[in-house]
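The numbers here are math on the coordinates, done by the rules we state, and not lab data. For clarity, every value in this text was computed on a predicted model and none was experimentally measured. We place every Cβ from the backbone using ideal geometry, glycine too, and count neighbours over all the protein chains shown.
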Amino acid sequence: MISRRRPEPLALGASIAALLTRAAIARADGGHAHGPEASGPVPLAVWLVGIGLTIVVALVVVRQARHGGEYLRRIQGFSRNARLLLIRTPFSGLSVSIWRLLFYLYLLAKGHDTLFVAQLASINWIAHGLAVIPAGILSDLFGRRRVFLVAYAGNIVGTAALIVVGEPTALLALAAVQGLFEGGHAIVGPPFMVEQSRPDERVHLFSIGGFLTVGAASLGNLLAGLLPLALGPLLGLGAEQAGTLRASLLIVLPIMLLSAIPIYLIDERWQAIDIRRWWKSLESYGTIGMLALTEGGAGLALGMTAPFFNVYFARELGASTAAIGLIFGAGSIVTAFATLLAPLVVRRLGRVRTVAFLKFLGVPFLVLIGLAPGVVTAGIMYVAAIILIGGAFPSKGLTDPIYSLFSMEIVKDRERGTTNGVMHAFSEFPMGVGAWIAGPFMAAGNWAMPYYLAGAVYALTFVAFYLYFARVESARAVVAQSVSA
């Protein structure tokens, strides 16, 4: 018997196709790109293929959800708190992706130069890095939920202020405030997901969480490209004007509020620990130190590139906001579904080899973004780099959920919040330094140099990661076999 409700996804897909096609046609011939790829209908053709693939993927997801499967059965077995964390994940990915794509373009549209944008990004990331270690310690002492709710409330206020304020000095100060509060709630995710799951379901929980984050980011990137096209005519402004971009950014605030509700509903029965007992419980100094060095190298490399992908596409390659949103959305969509394959790769290679090999494989694509002659080539390189390496949250790579899980499993329970805080600090602080390094190169028009430097740093980082943690994983496997025997 054929259900009458089956055509609904097709109708929805057709509606989305019509909207995205109009946006693509409106921007395809805008003369934004330069170089040999800028001529003719090639960008439009590429965009239409991307739109078609997006719709096909969406229909496959709907079909798979109806017929069930391993992931659906796993979700049904998760605890209430774990499911609440998964419910929050799409809202977080959606809000951050819209913000990350549009905010720097908004600053450029207001007349700020590239160097100012780099300085603001640097201050934001450095403040973020300074906050996460204290926040991680506080979460170990007083609980994840309490620290998150306080910090996230401050983050919402700081984000709203950045949209409203226009004076440069005030913007820099508010970027620091927003970074501090972002650091306060960034520590909740991985430790809490480990604590709310069984060992046999963690790979799937982290993979599903990564899939939802990146899937929501793909939708956010597409919306970020389409919102200016929709709001511009309503406001009597062009799609690339500052007023239109600011109106688009306001959409982020209610989404952020929605993302806080699942955390508020979590039932966390945290047992307070005395700070002296907490200090004595820290033992995994070598492991935490190596994780910190790994994050430091990766953060420095990403800081020179990831915060400015949209600026590079807009300023150097001349891409429109709609085109950038479509490219970024395509990267997120492909990565989201690649993330679901991570458990299969882990079974064959193990956690450490999966992370190290795939990250290292992405380095050439990262470097080639800065050497691309036009939007199409840069877009292809960007998608490949995002899949294998990832970017600034929520643009996670294929292996990032596995890496997060591994880092939480190899330390003690009471060290997880502190470990996550240290990792974030050694990621975000170097990201700020990387942004500061990249700023003068971008201002001088030398866009390739940050990508060269980032590729070299990234390669060295994950060679060191593999050399250290391959032995740790082998030792853990031997211990596990001994216990099971």
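Take Phe357 and Asp413, extend 7 Å from each Cα along the Cα→Cβ direction, and tell me the distance between the two endpoints in nm.
About 3.5 nm separates the two model spin labels.
Classify segment 348-425 from the C-alpha gyration tensor, please: rounded if a/c falls under 1.5, else prolate or oblate depending on whether a/b exceeds b/c.
Prolate is the answer for segment 348-425, as a/c is 1.5 or above and a/b outweighs b/c.
Give me Arg348, Arg88, Arg144, Arg315 ranked fewest to most by other Cβ atoms within 10 Å of their Cβ, as a rough exposure proxy.
In order of increasing Cβ crowding within 10 Å: Arg348, Arg315, Arg88, Arg144.
How far, in nm, would the chain grow between Leu341 and Asp267 when pulled straight, counting 0.36 nm per residue and subtracting the alpha carbon separation?
23.5 nm
What's the local net charge at Phe309, with K and R +1, D and E -1, over the other residues with C-beta under 13 Å away?
+1
Order 216-225, 128-137, 245-254 from most to least packed using the mean count of other Cβ atoms within 10 Å.
216-225, 128-137, 245-254
Quick one: His112, His204, His424, fewest Cβ neighbours within 10 Å first, how do they rank?
His112, His204, His424
Quick check on the exposure proxy: order Met381, Met449 from fewest to most C-beta atoms within 10 angstrom.
If I rank by nearby Cβ atoms, fewest first, I get Met449, Met381.
Select from segment 409-461 those trypsin sites (Lys or Arg not before Pro) which occupy a DSSP coil region and have at most 13 other Cβ atoms within 10 Å, ordered by residue number.
Within segment 409-461, the qualifying trypsin sites (Lys or Arg not before Pro) (loop, at most 13 other Cβ atoms within 10 Å) are Lys412.
Assuming a ≥ b ≥ c are the square roots of the Cα gyration tensor eigenvalues, decide whether segment 373-417 counts as rounded (a/c under 1.5), prolate (otherwise, with a/b larger than b/c) or oblate.
prolate
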